[in-house]
Every structure is written in C-alpha cells, then in structure tokens.
Amino acid sequence: MCFIECGISGNYAIVGSILEDHDASGNNELSSAGSVYIFERDSTGIWSQVKKIVASDRGAEKRFGAAVGISGNYAIVGANNYPVDGSAYIFERDSTGTWSQVKKLVASDMNGYDYFGLRVGISGNYAIVGAMFEDEDANGNNLLSNAG
C-alpha cells in the first residue's frame, strides 16, 4: 500500500509520506518509518517547506504519515504500524513558528489489527482517530468483527 495524505489550513499545508526511510535531518535510514512535510505559503503566494517531521519514537515500518490533518497551530499525524499497533501524534506550532510534538495518542484497547491511526482529523482543540477494524463497542463489549 502506497499513498500520500495531505491537508491544508490557512497558509499551511501538510503532506504525509509513509514510505520515507530517513529521519528529519536526512540520516538514520529505517525502512518505511515515514515522515511528514509542512509547507507555508508566503505573502507572495509561494509555498516553501518549513519542516520535516518524524515521530519521537520513530521505527521501521511505523508508516508515520498514513493520515494527516492540520488546523491552525495544530497538526495530527497517524501511524498505523500494521500489524503491531497504531498511534496518532499531535504537533503544535509555537510563536516562533517551530513545530513540536506535544502528545502521542494510543487506543486504550490497543490491537494492531484495528488499524488505529489510519485516518485522523483535527479541528481547533478537537482531534479524532479512526480504527477501521476495531471489533469491540465503546464499552469494550459486543464483539463484531471489523466493525470499526
């Protein structure tokens, strides 16, 4: 599976690359660790890359960037890391324009085959993470295979 996710909010765009092997500085190769690129549009309408982001717990086959979203000063990045586990990461842009990871989200009932983090969304102070093959309801009961 090879796909690219992207999002836009104001003068910022975010693009995920799940098969990227190199870290933010272009070193430390790990197969399909994934990365995310943030671009900014200047006052003349020109887009330029301002940041390459990788997970704080970067690992081979993590597929960081499987899903991305951006809203104002916040970005969310999914990493489904199938079949081990999945996660989502929240990044914040500070007053100097620096993007930093502020939170890693994981499911309380984590199961790698649920595809947690394959889809994400963010709007203001709210984030949502999908798990399309989750088998249990919100209470951890009523099993229904791959119900999501």
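Every read-out reported here was derived from the displayed coordinates using simple, explicitly stated rules and does not represent laboratory data. Quantities reported herein were computed from a predicted structural model and do not represent experimental measurements. Note that we place each Cβ from the backbone using ideal geometry, even for glycine, and neighbour counts take in every protein chain shown.
Computed log10 I(q)/I(0) for the range 1-114 at 0.10, 0.24 Å⁻¹: -0.28, -1.39, from the Debye equation with unit scatterers placed on every C-alpha and solvent omitted.
Can you give the net charge of the other residues whose Cβ lies under 15 Å from the Cβ of Ser31, counting K and R as +1 and D and E as -1?
Charge balance near Ser31 sits at -2.
Pairs of Cα atoms under 8 Å, at least six residues apart: use those to get the relative contact order of the range 18-81, whole percent. Averaging sequence separation for qualifying contacts and normalising by length gives 28 percent for the range 18-81. Full extension of the chain between Glu29 and Asn73 yields a length gain of 12.9 nm, computed as 0.36 nm times the residue separation minus the alpha carbon distance.
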